[in-house]
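K.L.:
Quick one: the structure is below, questions incoming.
Derivation of every value follows stated rules applied to the coordinates shown; laboratory data play no part. Bear in mind the structure is a predicted one, so any value in this text is a computation, not a measurement. With ideal geometry, Cβ positions are generated from the backbone for all residues, glycine too; neighbour counts draw on all protein chains shown.
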Amino acid sequence: MTRKPKFETLSGIEAKQTYSPDDARDHYNDQLGFPGEYPFTRGIQPTMYRGRLWTMRQYAGYASADESNARYKYLLEHGQTGLSVAFDLPTQTGYDSDHVIARAEVGKVGVAIASLADMERLFDSIPLDKVSTSMTINATAAILLAMYVAVAKKQNVSLGADGHLPLRGTVQNDILKEYIARGTYIFPPAPSMRLATDIIEYCARELPNWNPISISGYHMREAGATAVQEIAFTFANAIEYVRGTLARGIAFDDFAPQLSFFFVAQMDFLEEIAKYRAARRLWAKIAQEKFGARKASSMILRFHTQTSGVSLTAQQPQNNIVRTAIEALAAVLGGTQSLHTNAFDEALALPTEESAGIALKTQQIIAHEAGVTNTIDPVAGSYYIESLTDEIEKQSNEYIERIERMGGALKAIESGYIVREIGESAWKFANELETNKRIVVGVNEFESDKTESVKTLRVDPRVRDEQIARVRDLRAKRENARVEIALKELRDAARGTANLMPAIIACVENYATVGEICDVLRGEFGEYRGGGVY
């Protein structure tokens, strides 16, 4: 069958046959500069990977806290340099493991955490002052961060010279993208924004080495957004969070260095490289021109990258090893600070220990064998890369300005604009696959009748039963009078305007559960269900 070739990127940016100096005129002085210098197109550090490799941070967590703890130790022993915690859906949506709505999902897509007791087991014998930890959690982010702080105190982590806990890591805490693409929200947008900015304010004052938010384009892109939309909608959300924090009376330079971002690496290799370079330059300009940043650290775009889940196929799953390697290489050539590589079997189930090991080795081979870390930004000066970088920046900025005219990201979300834009892009891509204008090997071309046998991970149902028993045992043995006092104080704080983090920490330290804390907040804020408050 004769097919019309696609000479455009996944974002629909036309790719010419040949590029020349005319496509990248006057770039060096105006748009590039040197690594570690404004506008940071070539990287945020002067030495980049010659000075220090990116953090190899494999996203992991499943079943019980004990099993996840064992997986973390395995990954650390095999060269992983940072932890990344996946929580199960009940934890993400504010239900305890024994709630009737939670039982079918306990420990399925992440680790089950109902109380501080679970968090203590999750990080048993892992010194929190020696590792950096990313926690992918949003609606309940304040509760899980409070638990992490409480575990550090129980480990007797010494205060730093500045009098604060020297904890390093990130809590995702990006609730706006939940209304756009992912759906694990609990509360209406306004109180959700309050909780998100409470965390930013708390970390600016109490945890200066902690990233209080990871503003995420990953989930929007995986839902069908283009690379341009990924950057634009992420930065529109970031502008909303910044304005909310500025309204607390905190200067931009006092919290901007703690902002972090999260992007995907998909299969259009060159477009992805250009996307990261364009994003760095665009964010530096936003920070300086819109918010008056004075410190260089306030203008740099620090981001984590994860290879694409939607690019993984259940058909011929071992092909996913190649896809992940290509995507990871794009992230590295694009200058990421942190990277997760997906396991080849994740279109079928949670990764096995073997597949997780291959994913980690993929990063190590890129770092130590491929030679791409020998020089900084080796793609700089490519006529095509520079032209594509310019075009992505231009189109992304046009989207941001359009959203600003609507009144900001929250208004654009509430009107359905962002969801509609992503939906149209997703439809276009799906149509191109169905009509074979785009080829996915093993799916719509080069199929095979042979069935590959892949060993997959299955969570033992006993995990749920044991976790439920632990939650009920905790409630029976803790000092419930103290729990009630702490929950009442949280309720009183929620009715006012005070930062809720101190009250949540007090609840956590008295072993109130995630569900109990969220129930208090549901009672005060209401519960958001796809357009309404209940």
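K.L.:
So for Val514, Val463, Val109, fewest C-beta neighbours within 10 Å to most, what's the order?
P.N.:
On the way: Val514 29, Val463 21, Val109 15.
The fewest-first ordering by Cβ neighbours comes to Val109, Val463, Val514.
K.L.:
I would also like to ask the following. Mind checking the alpha-carbon convex hull of segment 181-247 and giving the volume per residue in Å³? Walk me through the intermediate numbers first.
P.N.:
Numbers: hull volume 6.4 nm³, N = 67.
Normalising the Cα hull of segment 181-247 by residue number yields 95 Å³.
K.L.:
Sorted from fewest to most neighbouring beta carbons within 10 Å, what does the list Asp390, Asp492, Asp162 look like? Walk me through the numbers before you get to the answer.
P.N.:
Details: Asp390 18, Asp492 12, Asp162 9.
If I rank by nearby Cβ atoms, fewest first, I get Asp162, Asp492, Asp390.
K.L.:
Would you mind checking the tilt of helix 65-77 against the longest principal axis of the Cα atoms of the chain, expressed as 0 to 90 degrees and rounded to 10?
P.N.:
It works out to around 40 degrees.
K.L.:
To check you understand DSSP bridge types, tell me what percent of the beta bridges within segment 48-181 (both residues inside) are antiparallel, rounded to 5. Kindly include the intermediate steps, with their values, before the conclusion.
P.N.:
Working: 0 of 12 bridges.
Just about 0 percent of them are antiparallel.
K.L.:
Quick check: convex hull over the Cα atoms of segment 103-230, volume per residue in Å³, rounded to an integer? Mind dumping the intermediate values first?
P.N.:
Working: hull volume 16.3 nm³, N = 128.
Normalising the Cα hull of segment 103-230 by residue number yields 127 Å³.
K.L.:
Can you give me the angle between helix 480-495 and the longest principal axis of the chain, using Cα atoms only, in degrees from 0 to 90, rounded to the nearest 10?
P.N.:
50 degrees
K.L.:
May I pose another question? Which trypsin sites (Lys or Arg not before Pro) does segment 431-534 hold that lie in a coil by DSSP with at most 16 other beta carbons within 10 Å?
P.N.:
Working: sites: Lys437, Arg438, Lys450, Lys455, Arg458, Arg462, Arg464, Arg470, Arg472, Arg475, Lys477, Arg478, Arg482, Lys488, Arg491, Arg495, Arg522, Arg529; in loops: Lys437, Arg438, Lys450, Lys455, Arg458, Arg478, Arg529.
Loop-located and lightly packed - Lys437, Lys450, Lys455, Arg458, Arg529.
K.L.:
Based on the alpha carbon coordinates of segment 1-143, what radius of gyration and maximum Cα-Cα distance (Dmax) apply, in Å?
P.N.:
22.8, 64
K.L.:
Tell me the label-point distance for the pair Lys437, Asp465, using the 7 Å Cα-to-Cβ offset, in nm and rounded to one decimal.
P.N.:
Computed distance between label sites Lys437 and Asp465 equals 5.4 nm.
K.L.:
What net charge do the residues around Asn211 carry, taking every other residue with its C-beta under 10 Å from that of Asn211, with Lys and Arg at +1 and Asp and Glu at -1? Mind showing how you got there, number by number?
P.N.:
Numbers: positive: Arg168, Arg302; negative: none.
Here the charged neighbours net out to +2.
K.L.:
Something else about it: Cα-based Rg of segment 372-518 per 2.2 N^0.38 Å, rounded to two decimals?
P.N.:
Values: Rg = 26.6 Å, N = 147, 2.2 N^0.38 = 14.7 Å.
That works out to 1.82 for segment 372-518.
K.L.:
Angle check, please: helix 227-246 long axis (alpha carbons) against the longest principal axis of the chain (alpha carbons), in degrees 0 to 90, nearest 10.
P.N.:
Once rounded, the angle reads 40 degrees.
K.L.:
Hey, what's the per residue convex hull volume over the C-alpha atoms of segment 263-349, in cubic angstrom? Intermediate values should be presented prior to the final figure.
P.N.:
Details: hull volume 7.5 nm³, N = 87.
Cα-based convex hull of segment 263-349, divided per residue, equals 86 Å³.
K.L.:
In the chain, what % of DSSP beta bridges are antiparallel (nearest 5)?
P.N.:
Bridges in the chain that DSSP calls antiparallel: roughly 5 percent.
K.L.:
Can you compute the helix-only [θ] at 222 nm over the chain? Use -39500 (n - 2.57) per DSSP H run of at least 4 residues, normalise by all residues, nearest 500 deg cm²/dmol. Please list the in-between numbers first.
P.N.:
Working: 19 runs with 238 residues, N = 534.
So the helix-based figure for the chain works out to -14000 deg cm²/dmol.
K.L.:
Which far-off residues, 5 or more places away or on another chain, put their amide H under 5 Å from the one on Met135, with H placed in the peptide plane?
P.N.:
Val85, Thr170, Val171, Gln172
K.L.:
So, R0 is 45 Å and r is the distance between the beta-carbons of Glu8 and Ser453; what FRET efficiency does that work out to, to 0.05?
P.N.:
0.75
K.L.:
Quickly rank 223-236, 112-125, 131-144 as a protection proxy: mean count of other C-beta atoms within 10 Å, highest first.
P.N.:
Values: 223-236: 26.1, 112-125: 22.4, 131-144: 24.1.
With the highest mean Cβ count within 10 Å placed first, the list reads 223-236, 131-144, 112-125.
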